[in-house]
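Comments concern the structure below.
What follows is calculated from the coordinates using simple rules that are stated; it is not laboratory data. Note that the coordinates shown come from a computational prediction; the quantities given were computed from them, not determined experimentally. Virtual Cβ from ideal backbone geometry, glycine too; neighbours counted across all protein chains shown.
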Amino acid sequence: MKLWVVVHSFTKSLVHKFKESIQHLKKIGMETENVFLTGHGEGGLEVQLLAHASMKILSGVILLGSYLHRKLSYTDFPVPIFTVVGDLDGVTRITRIAEAFKKLSKEVSADVEMLTKAPMVIIEGANHGSFSDNTLTDSMIPLDIPAELSADQVRKQIAEYIRIFISYNTEISYSEMPAQQESIEQWYKSTEMRLQPLLLMSNTEGEDNCASPWLSTLQMWLSGLDGKDTQRLKVSSCVIDTERNVTPDLQVLKNYGSEPVLFLSAFLQFVQKQNAGEDNAQIPQSPREIKARMLSAERIRAHLKNTTAARILTCKDLNYAAFVTALSMASSKALERYYAKHLGAIFHDDIVVNTLTEWEQSELRIESLLHEQHITSFVYQTETETVNGEVQEGEAGGGLYFCRLLPPTRVLEWIYVDSLQSGRYRMK
C-alpha cells in the first residue's frame, strides 16, 4: 500500500494546515481522493472537530492514544473512525477508553455495521509515548506508564492495524475485504475482553440517577442477616446528586407471606466525579469516594423478630470489601503489574462523628506510606427510635448509618493506572 503522509505538530490553525497539506500533496503528484486524518492524544480531539468540517474530502479518522469526545457519538460521526490505544497509557487512561467502548458497544447493539465503522484496538504493553517516539510534554511525562514494548514493536503493530483499516474503508482490494472484516471483528472481541473488568465494575457500582447493585449489596451485608433471613429484607438503591440531603426509607409489609418483610431504600452519592460536559482523560475517571446513606443492623433487626446478626460490620469492613472485590475483578496481567510495585492497603477503624454536618464535611482519608495505602472512613450513626416499644417506619425509626466509602471502580483504576504511573504514589 502506497501512502502520502504529512505530519504537523499540534496547532490552532489546523483547518488551514490541513487544506494547505492536501493542496501540496496534489501538487507533487498525489492523485487519490482517499484522505485520512490522524491525531495523537489531545490532537485526536481536535481532528474530530475538523472531520465534521471537512467530511466531503475525508475517508476516515484515526485516533492514536485518544478517544471520541464524550459529547459525540460513533453513529453520527461523519466518517469511519479508528481508535488505537495502549493499555499502559497513563495520559489517555484505559478507564476513559472503557467508557468510550461502553458507548460503542451500545451503538453496535443498535447497528452491527458500527463494529466496522468504528473499530477499536488496545495494544498490550504500549503507553502514550509509544505513538510519538516518547516525545511528551513535561506535564505528561510523570503521568505516562513505562512501556513494556519497544517503540519499533509498537510501530509494526500500529502499521498493520492502520493498513487493514484504510484498505477496508477504501475497498482497495475486494478479495481481501472478508479477511479484513474478520480481523476488525476480532479486534472488537479482544478489546471487549480486555476491558471487561472495568466495564463490569462500573455497571455494578451504578450511574447517576440509576440503581446501584453495589450499594444494595453493601446494605445487605451491613444488615448482618444471613441464610433465609436475607429473604426478609428487600433493598433498593439509587445514585443521587451530591447536593441532595436524603434519608434512607424503610417500610414493613406484614402481609407478605408468613413473616414481615422489610423494604429498604438506600442512597449513594459520588464525590469528585467528572460531569458529563467535562472530558479530561488525564485525571481519574472514577469517583474519589462514595457517600453511602444506609440503615444500621440494629434498626433492621428491631423490625424483624427472631433474627440475630450473623456478623457486625462497619464502614471499615465495607471499604475492605471494595478493595477485595476490585482485586478479584482485575485481570491477572493488571495484578502482576500492581503487585510488582505495591503491597496493598491497610484499613483503619472508622472515625465516628456526632453530627450529620460533620459527616458531610468529612472526606474519606487515603494516605500513602511507602507502597501501602492507609484508608480511614468517617461514620455518622443514630440510635433506633421507638414509640411505646415499637420501632417506627420511615425516617422516624432512626438507626441511620452513613459511611464515606472507597469506590471499587476507584480501586480498580488505581490498580490499572495510578499505581503504575511514575509520578503518582497514592490513590487520589
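Figures for the structure shown
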item: Förster radius 22 Å - calculated FRET efficiency between Asp349 and Ser139, Cβ distance, rounded to 0.05; result: 0.05
item: No Cys partner within the rule (Cβ under 4.7 Å), the chain; result: Cys210, Cys238
item: Between helix 14-27 and the chain: long-axis angle, C-alpha atoms, 0 to 90°, nearest 10; result: 30
item: Ranked by how many other beta carbons lie within 10 Å on average, peptides 190-197, 236-243, 338-345 from highest; result: 190-197, 236-243, 338-345
item: Region 386-425: GluC sites (Glu not before Pro) in DSSP loop, at most 16 other beta carbons within 10 Å; result: Glu393
item: Linear extension gain, Ser328 paired with Val246, 0.36 nm per residue minus alpha-carbon span; result: 26.3 nm
item: Overall Cα dimensions of the chain, principal axis frame, Å, largest first; result: 93, 48, 36
item: Rg(Cα) / (2.2 N^0.38 Å) computed for region 14-201, rounded to two decimals; result: 1.01
item: Only Lys, Arg (+1) and Asp, Glu (-1) charged, at Cβ; the chain dipole about Cα centre in debye; result: 440
item: Amide H within-cut-off set for Phe82, under 5 Å, with H built and near neighbours excluded; result: Val61, Ile62, Leu63
item: Percent RCO, i.e. relative contact order, over the chain, from Cα pairs under 8 Å lying at least 6 residues apart; result: 14
item: Order of His128, His374 under a 10 Å beta carbon neighbour criterion, fewest first; result: His374, His128
item: Cα-Cα over 23 Å, subset of Lys71/Lys156; Lys103/Lys273; Lys228/Lys305; Lys156/Lys189; Lys26/Lys156; Lys234/Lys291; result: Lys71/Lys156; Lys26/Lys156
item: Rounded to whole Hz, the Karplus (6.51, -1.76, 1.60) HN-Hα couplings of region 116-129, x for glycine and proline; result: 8, 6, 10, x, 9, 10, 10, 8, 5, x, 9, 10, 5, x
item: Taking region 271-417 and dividing mean pair separation by its residue count, relative contact order in percent (alpha carbons under 8 Å, at least six apart); result: 35
item: Full-extension gain in nm, Asp226 to Tyr339, via 0.36 nm per residue minus C-alpha separation; result: 37.3 nm
